[in-house]
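Note sheet for the following structure.
Bear in mind that the values in this text are calculations on the coordinates, not laboratory data. Note that this is a predicted model, so its numbers are computed, not measured. Because the Cβ atoms are built from the backbone with ideal geometry, glycine has one as well, and the counts that use them run over all protein chains shown.
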C-alpha cells in the first residue's frame with residue numbers, strides 16, 4: 001500500500017482527507033499546532049497546551065465512527081457562559097492531553113475511538129505561536145490571527161521559539177511515496193510546517209514527489225492576486241532545495257451568481273489556472289473540474305474526484 005503524507009490544517013485539509021479515506025492508501029496527516037483563535041486560542045492560553053483545533057477537525061474528517069458520535073464531537077456550546085463556542089472535541093482533546101500526557105498520545109487515542117484508518121500526528125508537542133516580520137524587522141505580528149490579518153506587510157514567518165519536531169514525524173516524511181500540501185490557508189496552514197528546520201531536512205532526504213492541491217479561491221489579504229503558479233512559487237520559497245513537483249488544479253467554472261456573492265460579500269475570487277507559468281516551473285499539472293458547492297453554498301473541492309486524481313497519480317508512479 002502506497003504511503004502518503006499530507007501537510008495542512010483547517011477546512012481544506014479536512015475536505016481532502018474525507019475523500020482520501022475512501023481509497024486504499026496509507027495516509028499520515030501532519031497537522032499544524034500554532035492556531036490561536038477562538039476556542040483553540042482560549043484553551044491554549046488557559047491550559048498551557050498546544051493548539052488542538054486543527055487536530056480535532058482532521059480527526060472528524062477521517063473518522064469512521066457512528067454519526068451520532070461525530071455530531072457530538074462537532075457540537076459547539078451555544079449558551080452564554082464559560083463554554084460558549086467551545087466544540088466538544090476541543091474540550092475532550094484538552095482533557096486527553098492531561099490524561100495521556102501528550103498531544104500525540106491524545107490524538108492516538110482519538111484515532112482508536114473514531115476507528116481512523118491512518119495516522120494523525122501533530123507537527124510538534126510545543127505550545128508555539130507564529131511570528132511575522134516586515135522588511136525592516138521593526139515590527140512583528142504575534143500569533144496566527146494577527147499574521148493572517150497582516151500577510152501583505154509580512155516578509156518573513158517564524159515561530160516565537162525553536163520547536164521540536166518528533167522523530168516519528170520525520171520518519172514518516174522520509175518514508176513516504178508521496179508528499180501532499182493540502183488546500184487551505186497558505187501562510188497559516190502549510191508554511192508553518194516549512195519553517196520548521198527538521199521538516200525541511202526530511203523533505204530533502206525523501207525521494208517522494210511533492211504535490212500541491214491548489215486552493216479554489218483567493219484569501220483576502222493573503223493571496224488576493226496569486227494564480228496557481230503564484231501559490232507554487234510561495235511554497236518553493238520556503239523550501240530549500242526541494243520544489244513542488246506536481247499540482248492538482250481546478251479547471252471548472254464557478255457559476256456567476258456564486259462568483260458575484262464571493263466577490264461582493266467575502267472579497268474572494270477564483271484562483272486563475274495559469275498553465276504556461278506552471279510549465280516554466282517544471283511542474284506536472286493535473287487539472288479537472290473539481291469544484292462543488294456544499295449544502296451552505298460554499299465553494300469546496302469535490303472530495304472524491306480530488307482523491308481519485310491523487311490515487312491515480314500514485315498508481316502511475318514507478
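Comparing mean-square fluctuations of 181, 77, 308 from a GNM of the chain with C-alpha springs under 10 Å, the top value falls on 77.
What is the projected area of the convex hull of the Cα atoms of the stretch 1-160, averaged over all directions, in nm²? Don't skip to the end; give the middle numbers.
Values: hull surface 42.2 nm².
The directionally averaged projection comes out at 10.6 nm².
Calculate how many DSSP beta bridges within the chain are antiparallel, expressed in % of all such bridges and rounded to the nearest 5. Could you put the intermediate results ahead of the total?
Values: 12 of 37 bridges.
Taking every DSSP beta bridge with both residues in the chain, the antiparallel ones total about 30 percent.
Semi-axes of the equivalent ellipsoid for the chain, please: Cα gyration tensor eigenvalues, times 5, square-rooted, ordered largest first, whole Å. The partial results should precede the final answer.
Working: eigenvalues 149, 104, 99 Å².
Value: 27, 23, 22 Å, ordered largest first.
Three principal axis extents of the stretch 36-117 based on alpha-carbon atoms, in descending order, are 33, 28, 19 Å.
Which value at 222 nm does the chain reach when only helices count, each DSSP H run of 4 or more adding -39,500 (n - 2.57), with the total divided by all residues and rounded to the nearest 500 deg cm²/dmol? Estimated from H runs of four or more residues: -12000 deg cm²/dmol.
Site pair residue 286 and residue 241 shows an inter-label distance of 2.6 nm when each label is modelled 7 Å from Cα along Cα→Cβ. Quick one: among 160, 98, 68, which has the greatest mean-square fluctuation in a GNM of the chain with alpha-carbon springs under 10 angstrom? Ranking 160, 98, 68 by mean-square fluctuation puts 68 first. Computed extension length for residue 264-residue 83: 61.8 nm, one decimal, from 0.36 nm per residue of separation with the Cα-Cα distance subtracted. Counting neighbouring beta carbons within 10 Å and listing from fewest to most, the residues 155, 233, 108, 79 come out as 79, 155, 233, 108. The order of 34, 312, going from fewest to most other C-beta atoms within 10 Å of their C-beta, is 312, 34. Normalising the Debye intensity of the stretch 258-318 to I(0), with uniform scatterers on Cα atoms only, and taking log10 at q = 0.18, 0.21, 0.25 Å⁻¹ returns -0.85, -0.99, -1.09. Here the stretch 66-141 and the stretch 211-227 have alpha carbon centers that stand 25 Å from each other.
Cβ-Cβ distance of residue 251 and residue 152, R₀ of 30 Å, FRET efficiency by 1/(1 + (r/R0)^6): the value works out to about 0.60.
As a test, work out the antiparallel percent of DSSP beta bridges whose residues both lie in the stretch 157-312, rounded to the nearest 5. Of all bridge pairs located within the stretch 157-312, approximately 25 percent are antiparallel. Among 35, 80, 302, the largest mean-square fluctuation in a Gaussian network model of the chain, built with springs joining Cα atoms closer than 10 Å, belongs to 80.
Cα gyration tensor of the stretch 167-211, axes a ≥ b ≥ c as square roots of the eigenvalues: rounded (a/c below 1.5), prolate (a/b > b/c) or oblate? Please report the intermediate quantities before stating the final value.
Values: a/c = 2.19, a/b = 1.40, b/c = 1.56.
Since a/c reaches 1.5 but b/c is at least a/b, the shape of the stretch 167-211 is classed as oblate.
Could you give the distance between the Cα centres of the stretch 262-318 and the stretch 165-197, to the whole Å? Rounded to whole Å, the Cα centres lie 20 Å apart.
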